Each structure stands twice: as structure tokens, then as C-alpha cells.
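Enquirer: Take this structure first; my questions come after.
The values are calculated or read from the model by the stated rules, or taken from the named source; none is laboratory data. No experiment lies behind these values; they were computed from the predicted model shown. Don't worry about glycine lacking a Cβ; one is built from the backbone with ideal geometry, like all the others, and counts go over all protein chains shown.
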Amino acid sequence: MKVFRVSALLFVLVTLAGCYSTRFYASEGEYAMNPDNKGKVVGQVDESTGVSFFVYGLAGSGDVDVSKVCTAKKVANMKINYKTSFVDMLVAGLTFGIYTPKTAIIRGDRVE
């Protein structure tokens, strides 16, 4: 019984540990995280995309091309957040942490 408890504790600790890095870039268009970006605000941007990681988030680049995710060509006050949805957790659990997806949410002001 003691071996089971130690194994369960070790499993929980390993599944909760992990780190990841992500790089955001834009191959085209004008994107800025600068609140002083000049331009007339004509709407909001609220886009999301999946980001893939492996081995509890220890492997994988997680690169996000903002120009392919955002439909707007000019965005100001951009904010990028991560979340782990229920489906992300379910997939990670079913693959025993081999594949650990996350969702990147990109929000900002659409400007002209």
C-alpha cells in the first residue's frame, strides 16, 4: 500500500511540473503591443489558436505566427494569454503527458 501511495504522489508531482516557452512573430502586417500606437480603433481582435507541446511541456517550440491567427492587418494593444481548457487537459491525460496542448488567446484593438 505504501508503494502505491508513493507512486501516486510521484505521478502527481511529475504531471504538475512543466515549463514551456513560446515565441510570437508576425510574417506580415503591423502588430504592436505598444499602447501608444497611433491609429483609429475600428474594432476588437479576439482570436485563439492551439499550441502544441510534448512531454509535459518540456519539448516543443510553441511558435505562433500572429499574422496567420489574426484576421486584422493592424492591431494595437495586443495581449496574449494562455489557457488550458478541459479538452487540453483531457488530451494530455489520455496521452499520459506525451502531448500537452495549450490554447493561445490573442486580443487587441483593430486599427486603421
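Enquirer: In region 50-68, what residues are under 21 Å from D109 (Cβ atoms) and within 12 Å of the chain's Cα centre (by Cα)?
Expert: Hits for region 50-68 are V64, D65, V66.
Enquirer: While we're looking at this one, here's another question. Just one of (1) more than 17 Å from G50 (Cα to Cα); (2) at pLDDT below 90 trips up L94, so point out which.
Expert: Only one criterion is unmet by L94, namely (2).
Enquirer: Here is a follow-up. Tally time: how many residues in region 93-112 are touching a residue at least 60 places away in the same chain (Cβ under 8 Å) and surrounded by 12 or more Cβ atoms within 10 Å (Cβ to Cβ)?
Expert: 10
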